[in-house]
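Working notes, beginning with the structure itself.
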Amino acid sequence: MSDAATSTFVYVTYIRTSAEKLWAALTQPEFTRQYWFGMHMASRWQAGAEWKLCFADGRVADIGEVLEIDPPRRLVLRWQNEFRPEVKAEGPAHCVFDLEPSGDVVKLTITHSSGTPNSKLISAVSGGWPKVLSNLKSLLETGTPFATEKF
């Protein structure tokens, strides 16, 4: 947590890939379905555009807006949960993806923050992001995600 009025989760990983391949994996539905347990993000990927995260069956999990986009370096999303009423009631959060190439690896930092103290959304993503991003790392480095179903 960065202060008493904010809940924040930060996850950092290093992935042996290029920034361009990592960016494609983060933004293209055919990639996200492979490591996000059938889910995918969809957007026009420009500032002001709507984005959504959909379950494999097409139901919308989360929605929001692209607040900032600088391929393949930075993506900032307004993030609103849609499928858990107690989480949706908290209102929107922000999710920042920062990509920093260094040699043959890319440092990926995800910062998910909410203005709600002890946020249920931040609690949920703090368990979800490590699984999703470990699966992404495995996919990009080996060609195969380590899990195809939630665990």
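Observations on the structure shown:
- Applying the criterion of being of a type in the set (D, E, K, R) and buried (at least 16 other Cβ atoms within 10 Å of the Cβ) to the residues of region 115-148, the residue that is farthest from residue 6 (Cα to Cα) is 137.
- Residues located in region 110-120, provided they are in contact (Cβ under 8 Å) with a residue 60 or more places away in the chain and either of a type in the set (Gly, Ala, Ser) or within 19 Å of residue 53 (Cα to Cα) (or both): 110, 111, 112, 113, 114, 115, 119
- Residue check, residue 37 in a strand (DSSP E or B), among the aromatic types (Phe, Trp, Tyr), touching a residue at least 12 places away in the same chain (Cβ under 8 Å) and crowded, with 18+ Cβ neighbours inside 10 Å: no
Results for (1) closer than 14 Å to residue 136 by Cβ; (2) among the small types (Gly, Ala, Ser); (3) crowded, with 19+ Cβ neighbours inside 10 Å, shown as yes or no for each residue.
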{"position": "22", "(1), (2), (3)": "yes, no, yes"}
{"position": "33", "(1), (2), (3)": "yes, no, no"}
{"position": "58", "(1), (2), (3)": "no, yes, no"}
{"position": "77", "(1), (2), (3)": "no, no, yes"}
{"position": "84", "(1), (2), (3)": "no, no, no"}
{"position": "89", "(1), (2), (3)": "no, yes, no"}
{"position": "96", "(1), (2), (3)": "no, no, no"}
{"position": "101", "(1), (2), (3)": "no, no, no"}
{"position": "106", "(1), (2), (3)": "yes, no, yes"}
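- Region 98-141 - residue that is more than 13 Å from the chain's Cα centre (by Cα) and of a type in the set (S, T, N, Q) and, of those, farthest from residue 61 (Cα to Cα): 102
- For region 45-102, a residue qualifies if it is under 24 Å from residue 117 (Cβ atoms), outside any strand (DSSP E or B) and of a type outside the set (Lys, Arg), and the qualifying residues are 82, 83, 85, 86, 87, 89, 90, 91, 92.
- Condition met for residue 110 (in a strand (DSSP E or B), among the hydrophobic types (A, V, I, L, M, F, W, C) and surrounded by 15 or more Cβ atoms within 10 Å (Cβ to Cβ)): yes
Laboratory data are not the source of any read-out in this text; all were calculated from the coordinates shown. Since the structure is predicted, the reported quantities are computational estimates derived from the model, not experimental observations. Glycine gets a Cβ as well: all are built from the backbone with ideal geometry, and neighbour counts include every protein chain shown.
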